[in-house]
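The values are calculated or read from the model by the stated rules, or taken from the named source; none is laboratory data. Predicted model only: the values in this text are computed from it and were never measured. Reconstructed Cβ throughout: ideal geometry from the backbone, glycine too, with neighbour counts over all protein chains shown. The area values use the complete protein model at the heavy-atom level, side chains included, leaving out ligands, DNA and RNA. Shrake-Rupley method; radii C 1.70, N 1.55, O 1.52, S 1.80 Å.
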Amino acid sequence: MIRRLSLTLAGLLALAAMPAAAQAPVRIGLSAPLSGPDAPFGQGLRQGAEQAVADLNRAAGGRPRLVLVPADDAGDAKQAVAVARKLTADGVRLVIGPFESGAVAAAAPVYEEAGAVLVTPGASYTPLTGRGLWDLFRLTPSDAQQGRAAGAYLAKIFAGRRVGILNDRSTFGRGLADAVAAQLKEAGAPEVLFDSFPRATRDLSDLVARLKAARVDAVYFGGLAPEAATLLHAMRQAGLGATLVASDGILDPGFATAAGPAAEGTVMTLAPDPPRLPDPRGGKPVARSPEAESVAAGAYAAVELLYQAVERARAADPKTGRIADGRKVAEALRNTPPLRTILGPVGFDARGDRTGGPVALRVWRRTPDGRLDYAGHEPAEP
């Protein structure tokens with residue numbers, strides 16, 4: 001991984017050595033949950049972005065090319081809008097974030113009107129990139145991409161067997177369930193049961209009875225960790241041993257604790273394991289929580305992408321570093337050859353989704369020390 005980072009910086013150093021279009025530093029905003037329940041992710045985003053800015057400035061010979069402008073949106077839609085208004089009023093036209101889909105949906109129109117480009121490392125809600133916004137790009141797989149991957153897995157692994165699909169009646173959960181159903185139908189193996197239950201439901205005995213009556217071998221659940229744990233408990237108490245498949249909506253530190261032994265064998269779709277950022281050159285080792293580590297590389301890559309797009313488009317004023325309108329930067333990101341980043345080559349389609357839509361599959365298994373974990377555990381082939 002250190003080699004990949006070195007090669008990436010070598011390429012960016014070549015860019016920095018060329019006659020620069022931007023003599024003054026270019027400002028990049030960061031809208032992230034630096035407080036609130038998602039603060040561990042927000043801190044990781046900030047750490048990754050700060051390290052990328054420092055590394056790129058160092059690669060340019062120490063002459064600052066980039067300045068990071070962090071802002072706390074607390075993962076809240078209203079606060080994300082306030083951050084968007086503040087950043088754009090201050091002339092910032094390149095922004096990383098927000099992280100949560102709801103915050104992106106609320107703030108994106110403000111950035112679009114101001115001519116600012118967004119690269120979000122985390123918002124997976126499928127319709128975000130289907131709204132015709134010219135300025136929005138995302139690095140994480142969309143819910144639809146995860147749903148298609150889960151559907152393909154179920155169609156292959158459970159070929160000739162019976163699959164049920166459930167969701168928690170949220171927009172997020174229903175979107176995942178619909179994508180799985182569409183993929184199974186395309187594969188000629190439609191589900192035998194499609195049902196739902198509201199979040200925070202405690203008694204799922206009737207629903208599990210319907211699953212048993214349908215003789216399902218696997219259940220796809222579109223929803224979050226608390227409901228997935230409740231569903232697993234109800235299935236196992238009823239003697240239903242069907243495999244549960246879900247998205248990274250269950251990627252919660254409390255999932256294994258809440259589900260207990262019932263979590264073992266649960267299959268999950270998620271973005272590929274992110275690379276770990278090496279410690280800053282000449283600095284102290286950086287301690288990151290698992291949540292921070294999971295997003296730091298994405299923020300680092302977002303800085304790399306914006307920097308290269310600005311250079312490619314020569315979009316910044318040489319004297320001030322300001323970008324009057326981000327459309328040139330957006331054009332340099334969309335439908336162009338992939339750009340080199342710590343995540344590998346990254347390109348975007350016309351909608352702003354990452355081309356290739358990489359999705360990984362992991363299974364929760366018991367580790368030698370007795371914990372339940374998914375890291376490094378891939379589902380076995382039949």
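What to note about this one:
- If you take the alpha carbon atoms of the stretch 113-159 and fit the smallest convex hull around them, that volume is 70 Å³ per residue.
- Each Cα pair under 8 Å and six or more residues apart adds its separation to the average, and for the stretch 116-228 the resulting relative contact order is 28 percent.
- Of interest is the spacing of the C-alpha centroids, which for the stretch 328-382 and the stretch 205-266 amounts to 25 Å.
- Here is the P(r) of the stretch 190-286: all C-alpha pair distances, binned every 5 Å from 0, give 2, 12, 22, 21, 15, 7, 5, 4, 4, 3, 2, 1, 0 in whole percents.
- Distance between the pseudo-spin-label points of residue 349 and residue 69 (7 Å out from Cα toward the beta carbon): 3.3 nm.
- Cut-off under 5 Å, modelled amide H: who pairs with residue 196 long-range: 167
- Principal axis box of the stretch 84-223, alpha-carbon based, largest edge first, Å: 60, 33, 19
- Under 14 Å from a label point set 7 Å out along the Cα-to-Cβ vector of residue 187, the amide N atoms of the stretch 135-169 belong to 146-165.
- Value of Rg to Rh for the stretch 328-382, rounded to two decimals, is 1.24; Kirkwood radius and Rg both from alpha-carbon coordinates.
- Annotation for residue 375 and residue 335: the two label points, set 7 Å from Cα along the Cα-Cβ direction, are 4.2 nm apart.
- Averaged over residues, the count of other Cβ atoms within 10 Å places the peptides 171-182, 220-231, 319-330 in the sequence 220-231, 171-182, 319-330, highest first.
- Computed from label points 7 Å out along Cα-Cβ, the spacing between residue 212 and residue 286 is 5.1 nm.
- 14 Å beta-carbon shell around residue 196, net charge (K/R +1, D/E -1): -2
- Once the Cα-Cα distance is subtracted from the 0.36 nm per residue extended length, the residue 237 to residue 366 segment shows a gain of 44.4 nm.
- Net dipole in debye of the chain [+1 Lys, Arg Cβ; -1 Asp, Glu Cβ; about Cα centre; nearest 20]: 740
- Cβ crowding within 10 Å averaged over residues, with 101-108, 294-301, 139-146 ranked highest first: 294-301, 139-146, 101-108
- Difference of contour (0.36 nm per residue) and Cα-Cα distance, residue 264 to residue 171: 30.8 nm
- When the chain is reduced to its Cα atoms, the Kirkwood hydrodynamic radius in Å: 21.7
- Reducing the stretch 297-324 and the stretch 28-48 to their Cα centroids gives an inter-centroid distance of 20 Å.
- Net charge of Cβ neighbours under 14 Å - reference residue 285; Lys, Arg +1; Asp, Glu -1: +2
- Farthest positive-ward along the chain dipole, Cα basis, beta-carbon charges - from 323, 377, 141: 323
- Solvent-accessible area per residue in the chain equals 42 Å², computed with a 1.4 angstrom probe and all protein chains kept.
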